[in-house]
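Novice: Have a look at the structure that comes next, please.
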Amino acid sequence: MSMDTQTPPSTMTDVSPPKTGAPVVFENLTRRFGTTKALDGFTLHIEPGEFVALLGPSGCGKTTALRVLAGFERPDIGKVLVDGRDVVHVPAQKRDMGMVFQSYSLFPNMSARDNVAFGLQLRHQRSTPRRARAEELLELVGLAEHTTKYPHQLSGGQQQRVALARALAIEPRVLLLDEPLSALDAKVRAELRDQIRALQQRLMITTVFVTHDQEEALSMADRVCVMSRGCAEQIATPAELYSRPSSEFVAQFVGISSRVAVVRTGDSVALFGRDLKIRGQAPEGVESLDALLRPEDVDVVVASTGLGIITHKSFLGATTRLAIGIGGAAVKADVLSSTADVFELGTRVDLVANARDVLVTASRPAT
Amino acid sequence: MASLELGYVLEGDDEVMETFSRSNSSKLWFRRVRWGRGTALFLAAAYFIIPFYAAMQFSLQNKYGHFSLQPLTQIAQAPLFLSALWLSTQLAIATMAIVLILMVPTMIYVHLRMPRFRRVMEVITILPIVIPPIVLIVGVDGVTPLWLKSSQYLLALIYVVLAMPYVYRSLDAGLGALDLKTLVEAARSLGSGWVSIIWRVLVPNLRSALLSASVLTLALVFGEFTIASLDGWTTIPVWIYLAPTNNARINTLVAMMALLATCVVLMLIVSFDRKSHSRRN
Ligand SMILES: Nc1ncnc2c1ncn2[C@@H]1O[C@H](COP(=O)(O)OP(=O)(O)OP(=O)(O)O)[C@@H](O)[C@H]1O
Ligand SMILES: [Mg+2]
């Protein structure tokens, strides 16, 4: 094991060897902390070179899953296979995983370049090629001018980019990112998001990215694994996840915010006076159904005889979000802010579904 | 004339007036603070410098009462002085080495893996301060094997115990200021084993803590009298007390030189530390 960590220097000098990363399998992992089960039968198969996002609410076990893969936690039950080999008993320093942490993790006593070169130094690479390689990587993440700066002289976004370069320097078998963007402001975040994705595609490195931000997960990943209470709730491509969330829990996580009782006729339902096809499989043998709606699925029209009443209004920038009480349900809808003046609180409105089909689920029993 | 000019400025521009008056009043305020600070500093300095000056003046005299550097040369010739100095130096180095090799990995381990044990450590390491040295040496004497009893390094081992509270507190503060878990995990994920984590990542970032621990240990070894004399070793403090010269001047001078040397070492370390800080902050 210690032998194959010493990659020969010749392959280290070119920046982007187009190579395919290692396949990773989490199999039925369980990890308890006292009485809480951080992981509870978590299973996930990751293809070589794939970018998978772990998405879920706080405390659902995303970080724990990542730390088990990195070797910082042992599972109580289950296997972790990298390249087909169980690595559960391999210590973290021998796993060749590049990790970027949520908190700033650069070594304060080293310059950006020395930070990036650290892993290469441990692999006994000579100092000249090591420095050249570190500088190349820093250039790759857009920090060519900051190689001699110390961590305290860099902004948060720059520090995370150095951390990314440092993780990539060792040519890891898997790249692990634990909410690396969560401490950054929105603009830097979006920028770095694109940069990470572009780099990953270029290096074709197997990547696991932890986040609780659905937009981040959907925009970056090849596949998203939505987690809940220590297990995978749904594993799917972003498009599939968006259009066919497999459960209400997942639905909430991908932007669905309202549910309205509907009447079913065959494979369609009546919603706000229109017939809409049921998207995907309707639950069998259930008569009372709820339609699941995103704010952008509904148009709002002012009508003095309308059945809905605007109960809430909040400005979001380009759009304005309205909450409408209608027949005992609360529906959220987005309208363009430029036309939002007519929607005052208390205004009577009609709702129109603007989609051709709609997700449905069995109604919640009245509580 | 001055007031006329002032009036001109005041009429001329509101903004100028405002900055003018503000900077003026803040300068006054600042000056007052500086005065307060200066007085305090002066008093503190006097408190230390006057006795020091008096002692120096007393010791740097020839037999006619005139200023002379001759006592300095006499120190080196005083019987047993050099051997006492050498013994104290050896003890200091041994004590520092043992206490750091013992405490650094332990403290890192406790901070990382057993944070709750820190409370216990704190209590344990305070004990050497509470226990009188006599009790300590009598206790140690009862349990040491014979081969160790005759060694000067028994004294170093006892000093390790005495230095524990200071070393513990310095290291505890230093480690508390680092994001230890993240640094260690980052280093491990890059392939670093424990030795290189401690040596390349943690020690450089604990530099000021290690320096202050070392200085405190050094001061302890060069100042401890009771145990050294009970154990029968002529360290510097013991030599000062027993010095076989009849010359009080020389003894005072040695004490002063020890004080001066400690000051110089301290100042060196502070400036060293400040340099590393200015690089980091
Ligand atoms: N070292 C630990 N000791 C005790 N409990 C832990 C430990 N690590 C995690 N847990 C618990 O395990 C559960 C999952 O934690 P984990 O850090 O994996 O969540 P997460 O999905 O990463 O959440 P977040 O989005 O807040 O980072 C939580 O309930 C947490 O309290
Ligand atoms: Mg987490």
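Novice: Please go through the stretch A:63-77 and pick out each residue that is within 12 Å of ligand 2 (Cβ to nearest atom) and open to solvent by less than 10 Å² (accessible area, probe 1.4 Å).
Specialist: A:A65, A:L66
Novice: So, one more: Can you say whether B:G174 is at positive phi and within 14 Å of another protein chain (Cβ to nearest Cβ), as far as the supplied structure shows?
Specialist: no
Novice: Determine which single condition A:Q214 fails, assuming it passes every other condition in (1) open to solvent by less than 40 Å² (accessible area, probe 1.4 Å); (2) within 16 Å of ligand 1 (Cβ to nearest atom); (3) in contact (Cβ under 8 Å) with a residue 60 or more places away in the chain; (4) in contact with a helix residue (DSSP H, G or I) (Cβ under 6 Å, 6 or more places away or on another chain).
Specialist: In the conditions (1) open to solvent by less than 40 Å² (accessible area, probe 1.4 Å); (2) within 16 Å of ligand 1 (Cβ to nearest atom); (3) in contact (Cβ under 8 Å) with a residue 60 or more places away in the chain; (4) in contact with a helix residue (DSSP H, G or I) (Cβ under 6 Å, 6 or more places away or on another chain), A:Q214 misses (1) alone.
Novice: Also: Would you check if B:L82 is in the same structural domain as B:I158 (by TED's automatic domain parsing), modelled with pLDDT of 80 or more and open to solvent by 90 Å² or more (accessible area, probe 1.4 Å)?
Specialist: yes
Novice: Sticking with this one: From the set of residues in the stretch A:146-159 that are out of contact with any helix residue (DSSP H, G or I) (no Cβ under 7 Å at 6 or more places or on another chain) and more than 11 Å from chain B (Cβ to nearest Cβ), which is farthest from ligand 2 (Cβ to nearest atom)?
Specialist: So, considering only residues that are out of contact with any helix residue (DSSP H, G or I) (no Cβ under 7 Å at 6 or more places or on another chain) and more than 11 Å from chain B (Cβ to nearest Cβ), the one farthest from ligand 2 (Cβ to nearest atom) is A:S155.
Novice: Suppose the filter is in contact with an Asp or Glu (Cβ under 7 Å, 6 or more places away or on another chain), surrounded by fewer than 14 Cβ atoms within 10 Å (Cβ to Cβ) and assigned to a strand (DSSP E or B); does A:V360 pass it?
Specialist: No.
Novice: What strands (runs of 3 or more DSSP E), lying completely within the stretch A:299-351, carry at least 3 residues that are open to solvent by less than 20 Å² (accessible area, probe 1.4 Å)?
Specialist: Strands (runs of 3 or more DSSP E) meeting the threshold: A:319-326, A:329-336.
Novice: What pairs can you find where one residue is in the stretch A:101-124 and facing chain B (nearest Cβ under 7 Å) and closer than 15 Å to A:S155 by Cα, the other is part of a loop (DSSP other than H, G, I, E, B) and not acidic (D, E), and their Cβ atoms are less than 9 Å apart, with a gap of 6+ or different chains?
Specialist: Pairs found: A:S103/A:A183; A:P108/A:Y150; A:P108/B:L178.
Novice: Just to be sure I understand, how many residues within the stretch A:68-103 are within 16 Å of ligand 1 (Cβ to nearest atom), closer than 28 Å to B:A177 by Cβ and in a loop (DSSP other than H, G, I, E, B)?
Specialist: Residues that pass the stated criteria total 6.
Novice: Of a type in the set (S, T, Y) and either assigned to a helix (DSSP H, G or I) or within 14 Å of another protein chain (Cβ to nearest Cβ) (or both): which single residue out of A:T30, A:T64, A:T43 fits that description?
Specialist: Within the list A:T30, A:T64, A:T43, the selection yields A:T64.
Novice: May I pose another question? Could you please give the count of residues in the stretch A:67-100 that are among the small types (G, A, S) and either over 27 Å from A:D40 (Cβ atoms) or within 12 Å of chain B (Cβ to nearest Cβ) (or both)?
Specialist: Number satisfying all stated conditions: 4.
The values are calculated or read from the model by the stated rules, or taken from the named source; none is laboratory data. Note that the structure is predicted; figures quoted are calculated from it, not measured. Positions of Cβ are backbone-derived with ideal geometry, glycine not excepted, and every protein chain shown enters the neighbour counts. We work out accessible area using only protein heavy atoms, side chains counted, and drop any ligands, DNA or RNA first. Shrake-Rupley method; radii C 1.70, N 1.55, O 1.52, S 1.80 Å.
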